[in-house]
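The values are calculated or read from the model by the stated rules, or taken from the named source; none is laboratory data. The structure presented is a predicted model; accordingly, all values stated were derived computationally and were not measured. Every residue, glycine as well, gets a Cβ built from its backbone with ideal geometry; the counts of neighbours run over all protein chains shown. Each accessible area value is taken on the protein alone, full model and side chains, heavy atoms only, with ligands, DNA and RNA left out. Shrake-Rupley method; radii C 1.70, N 1.55, O 1.52, S 1.80 Å.
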Amino acid sequence: MDSPIYDILLTLPLFQGLAKSEFGEIIEKVRFDFLTVEDGVTFIKAGDSCDGFVFLLNGSAVSRRASADGRFVLCETVDAPAMIEAYSMSGFLPVFVKDYTACGNVGVLRFDKQYLYSELYKYDICRMNLLNMLSGRIQTLESDLWRLCGGSLRKRIVRLVAGLCDSSSGSKEVRVKMDELSEILCETRLNVSRALNALADERKIVLRRGGFDIPSMERLIMEIE
């Protein structure tokens with residue numbers, strides 16, 4: 001139980017607060033599959049069945065999510081240690097909603113979600129951790145939805161992107177044409193262009209052909225706070 005891997009696992013949201021002795025009991029009963037994914041390999045694709053928990057143990061990956069019509073694409077960096085899409089584990093359509101591609105060689109751990117019900121639910125802390133993760137996401141999404149209704153255009157742009165992100169930190173990549181972003185925000189193309197250029201002048205975003213990059217989501221979120 002002194003393995004560095006176990007120490008990493010205990011920092012993951014699902015296992016935080018779990019005693020090492022309790023985690024040792026879980027290890028004896030749950031089959032963990034450890035994988036090494038090479039640079040550039042997509043190890044999860046949107047639409048894949050979410051039949052197990054997936055954890056990023058080391059390194060980084062890029063997640064990519066596209067709107068149903070493919071006109072709006074958001075990419076963000078996921079740094080280890082991280083639990084991937086706990087919110088996709090259950091519900092009427094338990095599938096992953098994003099692609100995940102390794103940046104460099106990364107370590108990934110998987111285990112079948114059947115163990116959640118047969119073993120992990122025996123531990124109150126695991127049940128509470130999962131409930132807190134899911135509740136927190138629901139509350140954030142609801143809050144972001146209502147905040148889209150008011151405020152300046154630049155703040156609405158920031159809220160739109162923030163509401164689609166899994167993490168409020170790190171770099172992001174948004175791929176959307178100006179006309180399509182204008183349609184989403186119910187604004188004129190000129191007004192959207194002015195707002196984006198103002199954010200670019202302040203170095204909060206970097207305009208690209210067909211979209212923009214966000215070097216620091218934390219700094220951009222300060223715009224709406």
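Per-residue 3J(HN,Hα) values for segment 52-61, derived from phi via the Karplus relation 6.51 cos²θ - 1.76 cosθ + 1.60 with θ = phi - 60°, read x, 7, 10, 10, 8, 8, 8, x, 9, 9 Hz in sequence order (x marks Gly and Pro).
Are there chymotrypsin sites (Phe, Trp or Tyr not before Pro) in segment 65-169 that DSSP marks as loop and that have at most 16 other Cβ atoms within 10 Å, and which are they?
Phe92
For the chain, what's the relative contact order in percent, using C-alpha pairs closer than 8 Å and at least 6 residues apart? RCO, the chain: 21 percent. Computed per residue of the chain from DSSP H runs no shorter than four, each worth -39500 (n - 2.57), the mean residue ellipticity at 222 nm is -11000 deg cm²/dmol. The residues of the chain present an accessible area of 54 Å² per residue when probed at 1.4 Å with all protein chains retained.
In the chain, the longest principal axis of the Cα atoms and the axis of helix 20-29 are about 80 degrees apart. Each 10 Å bin, from zero up to the one with the longest distance, holds this percent of the alpha carbon pairs of the chain: 7, 30, 32, 20, 9, 2, 0.
With contacts taken as Cα pairs under 8 Å and at least 6 residues apart, segment 53-108 reaches a relative contact order of 51 percent. Relative to the longest principal axis of the Cα atoms of the chain, helix 153-164 runs at roughly 20 degrees. Helix 124-147 and the longest principal axis of the C-alpha atoms of the chain enclose an angle of approximately 10°. Pairs of Lys residues in the chain are counted when their Cα atoms are under 19 angstrom apart and they lie 8 or more places apart or on different chains; the count is 15.
Loop-resident GluC sites (Glu not before Pro) (DSSP state other than H, G, I, E or B) in segment 1-103 with no more than 14 further Cβ atoms inside 10 Å of their Cβ: Glu38. Among Met133, Tyr6, Ala195, whose Cα projects farthest towards the positive end of the dipole of the chain, with charges put on the beta-carbon of Lys, Arg (+1) and Asp, Glu (-1)? Checking the options against the dipole of the chain, the answer is Ala195. For the chain, the carbon plus sulfur part of the accessible surface works out to 52%, probe radius 1.4 Å. For segment 27-78, the Cα gyration tensor yields ellipsoid semi-axes of 26, 15, 9 Å (square root of five times each eigenvalue, largest first, whole Å).
Go through segment 92-193 and name the trypsin sites (Lys or Arg not before Pro) that are in a DSSP coil and have 13 or fewer other Cβ atoms within 10 Å of their Cβ.
none
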